[in-house]
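Any read-out appearing in this document is the output of simple, stated calculations on the displayed coordinates, not a laboratory observation. Everything numeric in this text was worked out from a predicted model, so none of it was measured. Note that we place each Cβ from the backbone using ideal geometry, even for glycine, and neighbour counts take in every protein chain shown.
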Number of protein chains: 2
Amino acid sequence: MYSIGLDFGGTYIKTGLLKNGQVKAFRKVRSHSGEGLLPVLETVKETVADLLIEQSLPFENCAGVGIAFPGLVDVDRKTVLSTNKKYDDAVNFSFQKWSEEAFGLPVAVDNDAKAALLGEITHGSAKNESDAIMVIFGTGIGTAAYINSRLLRGKHHQAGCLGGHISTDRDGHPCTCGSIGCMEAESSNWALPIIAREREGFEESLLAGESVIDYKSVIECAGRGDSFSRRLLDDLIGHWSAGIVNLIHAYDPETVILSGGLMKSKDLLLPRIEAEVHRRAWTPWGKVKFIVAENPEISVLLGLDALVRDLP
Amino acid sequence: MYSIGLDFGGTYIKTGLLKNGQVKAFRKVRSHSGEGLLPVLETVKETVADLLIEQSLPFENCAGVGIAFPGLVDVDRKTVLSTNKKYDDAVNFSFQKWSEEAFGLPVAVDNDAKAALLGEITHGSAKNESDAIMVIFGTGIGTAAYINSRLLRGKHHQAGCLGGHISTDRDGHPCTCGSIGCMEAESSNWALPIIAREREGFEESLLAGESVIDYKSVIECAGRGDSFSRRLLDDLIGHWSAGIVNLIHAYDPETVILSGGLMKSKDLLLPRIEAEVHRRAWTPWGKVKFIVAENPEISVLLGLDALVRDLP
């Protein structure tokens, strides 16, 4: 049986037909997530229908629909509990009802980082791991925890996925979540322009001449010898490492999986993050193993396939 | 059936005979934990024998021995994995062998904060909670997490109990665990003299005249109007609150149980901690409930009773 996977990202919605840990067909559509969920649902439905037609696959050959969402998800009621500036109208929307009407299929809904971690463990770079955490450096910083061969979920479905909102500097910047100095507020892609501009020396830096201030431009300017960008990058690495140590101390994993656009610079960053984490983490049993997600584009979809196959 | 409970604390070892969630007999002995575990074991054995004689109770009426330890504990191998300046010779000591030889009884060993949380949930102030965290303000800051009606343990037995070593200030003070700016390094009783003495205005403060700098003296001096101590207490409350928010974001509990000597000042502190945590925590489902442990002297022993009754 096939699964239909829908990964609702901030910029794109990735749709896929999945079977046995493989993506058999794939298409991206623009999400315009700032405008909400409802306006884009018809396009999603049509895209899935197109993929099925291309593959000459009837709905009856699909076991269900898996939906990944950037926010807090109630996996039992199959609704979104809370969002953070993306698809704000999705809260309490019944994906179950929608999926039944649109496809006549049952649905599994989960937080996107949890789906990504499950995808890496079932079919990706962390195959057969029993205890792992994932940190995804996207626009924000998404996390998930897998303990004793199960996704950690918690009473209100928010355990494991708020690692980006564990504070590494209680006197730091206000975060969109309501707390202060979260790893995400201090070192995420969305926070970078705020952090960079207020630092001494910004105006004279190479970075000030960049049209976009993000991970990519900071790393480029640092590579071109800009001392401001180098110090900024040092601080970012410090926050990421402190945040990862916090997650290790919280969840006791064997393995840390890093993912997201930032990992395009893994050759530069990983050795430094790894050294700093090993220096700080209290792990008398040995050293945490670092893995970079092999195929971050599809790990969420592969996790959704696993969730659909677990549907009762 | 009875259980024998042994709570190895930094200053005292509490021994108890337990039955149905009640402490039937109790005695404290000095632990001299800085000198190690082995020198004190004979005294512990004799104390247990005395308690049994007093209660006219033969060993055959005891189901087993429960041992709580301040450090990382391998509950399967029944050994200590790592300590932090208390009973340093306990690492890899076989409690199973010792208990069999000393008492002819099976043994359960666990981290002391985990035992305390289990005690509060089975017979204490948090009875029947399914999702709770505990924070114990003793010499250090011990924590434990109970998720989905089970103690969180993790791959290497260190999930949940390192909450005091989640950093709330990555540029802060070095911690005994090897990390920097841990809640414990910034706001524990052992860290207080270091933190207080380096702050501006210490020499002129009322606190400088105190023979001991600890939670108690800071709270007393703040109460007497000393502005230095007031600011210090404000910062402590800030770190505790940030640390508790981090634990809420990590473990998604319904309830936070606070315990330890600091809670003697709960009337002063709890309203402020509670307000600050509610202001910062991202809990769209509602508000975390705060509970102060009713009987912190014996919650560890009650948890040990539960662990012994779970022995195969």
>> Please report Rg (one decimal) and Dmax (integer) in Å for the Cα set of the range B:99-188.
In response: 15.4, 51
> What gaps in nm, shortest first, separate A:LEU268 from its twins in the other copies when you place the label 7 Å past Cα toward the beta carbon?
Replying inline: 5.1
> In nm, to one decimal, how far is the B:ASP50 label point from the A:VAL91 one, both placed 7 Å along Cα→Cβ?
Replying inline: 6.1 nm
>> With the cut-off at 1.5 for a/c, could you classify the range A:127-292 from its C-alpha gyration tensor as rounded, prolate or oblate?
In response: prolate
> Quick one: label points 7 angstrom along Cα→Cβ at B:LYS28, distances to the other copies in nm, smallest first?
Replying inline: 6.5
> Considering every residue in A:142-155, what mean count of other chain Cβ atoms within 10 Å of its Cβ is obtained?
Replying inline: 4
>> For chain A, what does the relative contact order come out to in percent, with C-alpha contacts under 8 Å and a separation of six or more?
In response: 19 percent
>> As a test of the formula, what do you get for the protein assembly as shown when each DSSP H run with n ≥ 4 contributes -39,500 (n - 2.57) and the sum is divided by the residue count, at 222 nm and rounded to the nearest 500 deg cm²/dmol?
In response: -11500 deg cm²/dmol
> Shortest first and in nm to one decimal, what separations exist between A:LYS287 and its copies in the other chains, measuring from label points 7 Å along the Cα-to-beta-carbon line?
Replying inline: 4.7
>> List the residues, sorted by chain then number, that are 5 or more residues from B:ALA108 or on another chain and whose placed amide H is less than 5 Å from its amide H.
In response: B:VAL65, B:GLY66, B:ILE67
>> Along its three principal axes, how long is the range A:15-58 when you only count alpha carbons? Whole Å, largest extent first please.
In response: 33, 20, 12
> Just counting partner chain Cβ atoms within 10 Å, what average do the residues of peptide A:284-294 show around their Cβ?
Replying inline: 2
> Averaged over B:107-113, how many beta carbons belonging to a partner chain fall within 10 Å of each residue's beta carbon?
Replying inline: 0
>> Mean Kyte-Doolittle hydropathy of 0.5 or higher plus an axial Cα length of 20 Å or more: which whole DSSP H helices in chain B meet both?
In response: B:38-54, B:296-309
> When Lys and Arg each count +1 and Asp and Glu each count -1, what net charge do the other residues less than 15 Å away from B:GLU100, Cβ to Cβ, add up to?
Replying inline: +2
> Between chain B and chain A, with a rotation axis joining them, whose C-beta in B is nearest that axis, and what is the whole-Å distance?
Replying inline: B:ALA250, 2
> Is the shape of the range A:233-312 rounded, prolate or oblate, going by the alpha carbon gyration tensor and its root eigenvalues a ≥ b ≥ c, with a/c under 1.5 for rounded and a/b larger than b/c for prolate?
Replying inline: oblate
> For the range A:186-231, how big is Rg over Rh, using alpha carbon atoms and the Kirkwood form of Rh?
Replying inline: 0.90
> So what's the projected area for chain A, the Cα convex hull averaged over all directions, in nm²?
Replying inline: 16.2 nm²
> Which value in Å does the Kirkwood hydrodynamic radius of the protein assembly as shown take, with 1/r averaged over all unlike C-alpha pairs and then inverted?
Replying inline: 26.0 Å
> Can you give the net charge of the other residues whose Cβ lies under 14 Å from the Cβ of B:THR43, counting K and R as +1 and D and E as -1?
Replying inline: +1
>> Please report, in whole Å³, the volume per residue of the convex hull around the C-alpha atoms of the range B:145-214.
In response: 120 Å³
